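Input: a single structure, listed below in structure tokens.
Values in this text are rule-based calculations from the coordinates and carry no lab data. What you see is a predicted model, and the numbers here were worked out from it, not measured in a lab. Please note: Cβ atoms are built from the backbone with ideal geometry, for glycine as well, and neighbour counts cover all protein chains shown.
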Amino acid sequence: MTFVNPGDDAVRSLLKNVRTIAVVGLSPQPARPSYRVARAMQRYGYRIVPVRPLVDAVLGEQAYASLADIPFRIDLVDVFRAAEHVPAIVDQCLALHLPAIWIQEGIVHEAAAQRAQAGGMAVVMDRCLIKDYVKLMTT
């Protein structure tokens, strides 16, 4: 079985319903893709929650060491970690009953994505959140 991303209508619906995005691996360095994507989504009105150990804050938001440390509702987990870390992140999402995960462009872990889907999560993999946002929400 091969993972298939949701269609444009489903992704558009997901983006309309999301308000708070936990960004796993959000770098405090402005030159990094995670920072640029998160900053752009923040400018489009989304609340960004950095998930990165040993960092106090990024983009003016308090950082948390793990998803389990976040004391409020998360609508979407955006993953900027290498593929070998994705299964553990999916496990955390499933344990916390989080509704959706976005595995960024260039990151592929078929088994983890399928497990997230089977657990009831909306899953987008190997696509850029900001590129899809611009394509689907600003035209």
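From the helices alone, meaning DSSP H stretches of at least four residues, give me the mean residue ellipticity at 222 nm for the chain, per-run term -39500 (n - 2.57), in deg cm²/dmol to the nearest 500. About -10500 deg cm²/dmol. Summarising the amide proton neighbourhood of residue 78: residues at separation of 5 or more, or on other chains, whose placed amide H is nearer than 5 Å comprise 22, 23, 24, 102. Annotation: average projected area of the chain is 7.8 square nanometres, based on the convex hull of Cα atoms across all directions. Straightening the chain between residue 136 and residue 97 buys 11.4 nm, computed as 0.36 nm per residue apart minus the Cα-Cα spacing.
Each residue in 80, 72, 3 was given a count of other beta-carbon atoms within 10 angstrom of its own, and listing them fewest first yields 72, 3, 80.
Split the chain at each of the trypsin sites (Lys or Arg not before Pro) in a DSSP loop with at most 14 other beta carbon atoms within 10 Å, and the longest piece is 74-139. Summing Cβ point charges (Lys, Arg +1; Asp, Glu -1) relative to the Cα centre of segment 28-126 gives a dipole of roughly 300 debye. Length available on full extension from residue 56 to residue 128: 0.36 nm per residue minus the Cα-Cα distance, which gives 23.4 nm. Note that segment 36-50 has calculated 3J(HN,Hα) couplings of 5, 5, 4, 4, 5, 5, 4, 5, 7, x, 7, 7, 9, 10, x Hz, one per residue in order, obtained from phi through the Karplus relation 6.51 cos²θ - 1.76 cosθ + 1.60 (θ = phi - 60°); glycine and proline are x.
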